[in-house]
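Comments concern the structure below.
The values are calculated or read from the model by the stated rules, or taken from the named source; none is laboratory data. None of the values given here were measured: they were computed from a predicted structure. Cβ sites come from the backbone with ideal geometry, for glycine too, and all protein chains shown count toward neighbours. For accessibility, only protein heavy atoms count, side chains too; no ligands or nucleic acids. Shrake-Rupley method; radii C 1.70, N 1.55, O 1.52, S 1.80 Å.
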Amino acid sequence: MREAIASEFHDNRVLEIEFPEFKSRLSFLSDQRLTVQIVAVDNAGLADTVNYEAVWISDSILVLSWRERIGTTVVHVLDLA
């Protein structure tokens with residue numbers, strides 16, 4: 001299992017995640033902060049900058065989580081293979 005946690009998510013790294021209902025962009029500001037922005041759907045333009053936690057659960061699977069300002073906890077399981 002990978003030892004590195006958030007260090008691979010450095011300044012200027014951007015991930016775009018597309019769901020059936022909307023598309024979001026995650027812009028990593030540091031190894032602890034990111035900005036999540038809705039980029040496509042009725043709520044396009046909404047953004048929040050939050051602290052995040054990233055934990056590798058295998059060599060290519062990452063669990064990424066944060067709590068939004070409105071109190072919602074978001075968890076993504078990402079296969080980065």
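Of the numbered criteria (1) exposed (fewer than 11 other Cβ atoms within 10 Å of the Cβ); (2) at pLDDT 90 or above, the one G45 fails is (2). The set of residues in segment 48-63 that are free of Cβ contacts under 8 Å to residues at least 24 places away in the same chain, open to solvent by less than 50 Å² (accessible area, probe 1.4 Å) and under 11 Å from the mean Cα position of the chain (by Cα) comprises V50, L62, V63.
Restricting the search to strands (runs of 3 or more DSSP E) fully inside segment 36-80 and requiring at least 1 residues that are acidic (D, E), in contact with a helix residue (DSSP H, G or I) (Cβ under 8 Å, 6 or more places away or on another chain) and more than 17 Å from F22 (Cα to Cα) gives 47-56.
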